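The values are calculated or read from the model by the stated rules, or taken from the named source; none is laboratory data. No experiment lies behind these values; they were computed from the predicted model shown. Here the Cβ positions follow ideal geometry from the backbone for every residue, glycine too, while neighbour counts run over all protein chains shown. Note: accessible area is taken over every heavy atom of the protein model, side chains too, but ligands, DNA and RNA are not part of it. Shrake-Rupley method; radii C 1.70, N 1.55, O 1.52, S 1.80 Å.
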Amino acid sequence: KLAVEFPSEDIFLVTASPVIKAITNFKQVSKTLEEFDVEEQPSSLLEKRYPNIKVIQSGVKQLNSNEHKIFTEDGREYMYEKLCLCAGAKPKLIFEGNPYVLGIRDTDSAQAFQKNLAQAERIVVVGNGGIALELVYEIQGCEVIWAIKDKAIGNTFFDAGAAEFLIPKLTAENQDTPIECKRTKYTTEGSGEKERPVAASDVLGSALGPDWHEGLRLKGTKEFSHKVHIEILCEVKKIHLQQEFIQLQRTSLAFPKEEKNIEPDEVLWPVYVELTNGKIYGCDFIVSATGVVPNVTPFLDGNNFAVGEDGGLKVDKHMRTSLPGIYAAGDICTASWEPSPVWHQMRLWTQARQMGWYAAKCMTADALGESIDMDFCFELFAHVTKFFNYKVVVLGKYNAQGLGLDHELMLRCTKGQEYVKVVMQNGRMMGAVLIGETDLEETFENLILNQMDLSAYGEDLLNPDIDIEDYFD
């Protein structure tokens with residue numbers, strides 16, 4: 001966007017990764033909903049398309065905001081007129097530096113996971129967001145103990161009702177044939193083992209796109225397809241290596257079978273996970289899918305940034321940080337303007353794309369001394385994705401975020417087919433979750449945006465015999 005706006009200015013893209021993520025097949029599904037694919041491309045493609053962009057492949061070591069300089073890992077320094085920090089976030093690992101704990105965030109960590117899984121008989125997955133959900137659903141031939149701190153799965157996106165709707169898919173023995181995937185597979189060209197630089201694991205790649213597990217063979221050593229046991233309302237208290245565990249003289253549990261009481265485990269495992277509910281399970285390794293923290297470390301030293309409660313760099317409604325000439329966008333930033341009543345920040349690909357595009361608009365307006373309005377994409381939270389092979393659309397305050405007790409929910413559910421939930425407050429629609437091919441997203445988006453009083457319709461709003469989209473067309 002910057003390259004288009006300033007064709008005669010030099011634009012530097014400093015990135016630690018050998019590839020760049022490009023948005024392809026962009027589709028505006030409705031006013032605020034958009035679908036796109038995320039593709040990894042060599043940086044030369046970007047430089048070919050925009051001659052004024054130069055890609056510098058190196059991590060940033062330090063920022064000196066007073067002198068308007070950044071220093072890169074390869075010992076160089078660059079002056080900037082305006083700077084936008086888009087360094088994303090890094091996985092929030094439950095325990096740093098433990099060889100048996102894997103965080104999944106980028107292409108390399110996904111490949112490491114695949115390699116470990118091929119030899120695994122049992123793993124423990126910790127976390128309850130998008131990556132954990134996908135992972136547990138896709139893994140075959142390996143026992144999975146899934147530890148979640150909530151009452152129901154997928155708490156980031158769903159409520160208990162939606163979780164109930166999805167659970168049968170987890171225990172289904174044979175998987176649906178995966179729907180043909182349009183997105184390109186993620187590969188880092190030529191990053192064969194031998195060429196990997198030392199300590200490459202410490203370099204953060206960019207976040208995985210929504211179909212990251214496609215093309216990875218997520219299969220363990222066993223012959224069955226799905227075996228998932230969910231431990232709810234618990235977190236990891238401690239991780240014991242095999243030797244420590246033997247010395248503890250405690251009992252670990254076998255994989256729970258429906259009909260029997262839980263029995264002690266006869267097998268010796270490389271690592272043991274002690275949960276806060278007192279249970280201990282042995283496993284081959286642990287996947288930490290517990291969300292992300294903004295990647296601000298290289299920029300804080302010596303710079304007086306205002307930082308949000310979640311650790312991100314605070315930005316105002318023009319994506320400016322608290323320091324002059326420095327903007328931020330995507331996972332690294334914390335939206336600190338007064339948001340629309342039905343928008344909230346969530347560290348997702350959709351918002352990263354919108355914020356990046358809008359930040360470029362703001363930098364342009366600023367440079368030309370023009371005024372700029374808040375972009376329409378910040379009017380309504382809207383996200384479309386896929387879980388367990390179902391299309392999932394979440395709109396507005398879909399989990400009644402911040403609405404207090406003063407709201408009501410309406411539900412419609414057809415087992416194995418669709419799940420529709422709307423969040424109502426004072427007769428107005430504030431949010432919705434749509435799972436399956438409901439065709440209601442555009443209608444509901446409009447009803448949330450225009451805040452029409454729907455009290456007169458009552459329960460009929462979700463009556464399957466009434467063609468609601470036709471009605472409100």
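What's the number of the condition Y457 fails, among (1) assigned to a helix (DSSP H, G or I); (2) modelled with pLDDT of 90 or more; (3) not small (G, A, S)?
Status for Y457: all satisfied but (2).
Name the residues in the range 372-390 that are assigned to a strand (DSSP E or B), buried (at least 17 other Cβ atoms within 10 Å of the Cβ) and not hydroxyl-bearing (S, T, Y), would you? Can you show your working first?
Taking the range 372-390 and keeping what is assigned to a strand (DSSP E or B), we get 380, 382-387, 390.
From what's left, buried (at least 17 other Cβ atoms within 10 Å of the Cβ): 380, 382-385, 387, 390.
Across the range 372-390, the qualifying residues are L380, A382, H383, V384, F387.
Report every pair of residues separated by at least 6 positions or lying on different chains whose Cβ atoms are under 6 Å apart, first residue within the range 1-23 and assigned by the TED database to the domain that holds E77, second open to solvent by 70 Å² or more (accessible area, probe 1.4 Å) and assigned to a strand (DSSP E or B).
Every condition considered, the pairs that remain are F12/K54.
Would you call E77 within 30 Å of V236 (Cβ to Cβ), free of Cβ contacts under 8 Å to residues at least 24 places away in the same chain and open to solvent by 80 Å² or more (accessible area, probe 1.4 Å)?
Judged against the criteria, E77 is not a match.
Can you name the number of the only condition in (1) of a type outside the set (A, V, I, L, M); (2) surrounded by fewer than 16 Cβ atoms within 10 Å (Cβ to Cβ); (3) on the phi > 0 side of the Ramachandran plot that T251 fails?
Checking T251 against (1) of a type outside the set (A, V, I, L, M); (2) surrounded by fewer than 16 Cβ atoms within 10 Å (Cβ to Cβ); (3) on the phi > 0 side of the Ramachandran plot, the one that fails is (3).
So, of the residues in the range 266-282 that are in a loop (DSSP other than H, G, I, E, B) and modelled with pLDDT of 85 or more, which turns out to be nearest to the chain's Cα centre (by Cα)?
Of the residues in the range 266-282, the ones in a loop (DSSP other than H, G, I, E, B) are 266-270, 276-279.
Remaining after also requiring modelled with pLDDT of 85 or more: 267-270, 276-279.
Numbers: V267: 35, L268: 34, W269: 31, P270: 29, T276: 25, N277: 27, G278: 30, K279: 29 Å.
The selected residue is T276.
What number of residues within the range 104-129 are at pLDDT 80 or above, open to solvent by less than 20 Å² (accessible area, probe 1.4 Å) and touching a Ser or Thr at 6+ places or on another chain (Cβ under 7 Å)?
5
Could you list, ordered by first residue, the pairs with Cβ atoms under 6 Å in which the first is in the range 63-74 and over 15 Å from Y327 (Cα atoms) and the second is in a loop (DSSP other than H, G, I, E, B), at least 6 apart or interchain?
T72/S58; E73/S58; E73/G59; D74/S58
Would you tally the residues in the range 291-329 being buried (at least 22 other Cβ atoms within 10 Å of the Cβ), in contact with a Leu (Cβ under 9 Å, 6 or more places away or on another chain) and within 24 Å of N128 (Cβ to Cβ)?
Number of matching residues: 1.
For E263, work out the one condition from (1) surrounded by 14 or more Cβ atoms within 10 Å (Cβ to Cβ); (2) among the acidic types (D, E); (3) modelled with pLDDT under 85 it doesn't fulfil.
Of (1) surrounded by 14 or more Cβ atoms within 10 Å (Cβ to Cβ); (2) among the acidic types (D, E); (3) modelled with pLDDT under 85, only one is false for E263: (1).
I need the full set of residues from the range 43-61 which are part of a strand (DSSP E or B) and open to solvent by 70 Å² or more (accessible area, probe 1.4 Å), in order please.
Selection gives K54, Q57, K61.
Of these, F26, F36, which one is free of Cβ contacts under 8 Å to residues at least 40 places away in the same chain and among the aromatic types (F, W, Y)? Quick ask: steps written out before the conclusion?
Working: F36 fails: free of Cβ contacts under 8 Å to residues at least 40 places away in the same chain.
F26 is the lone residue from the list that is free of Cβ contacts under 8 Å to residues at least 40 places away in the same chain and among the aromatic types (F, W, Y).
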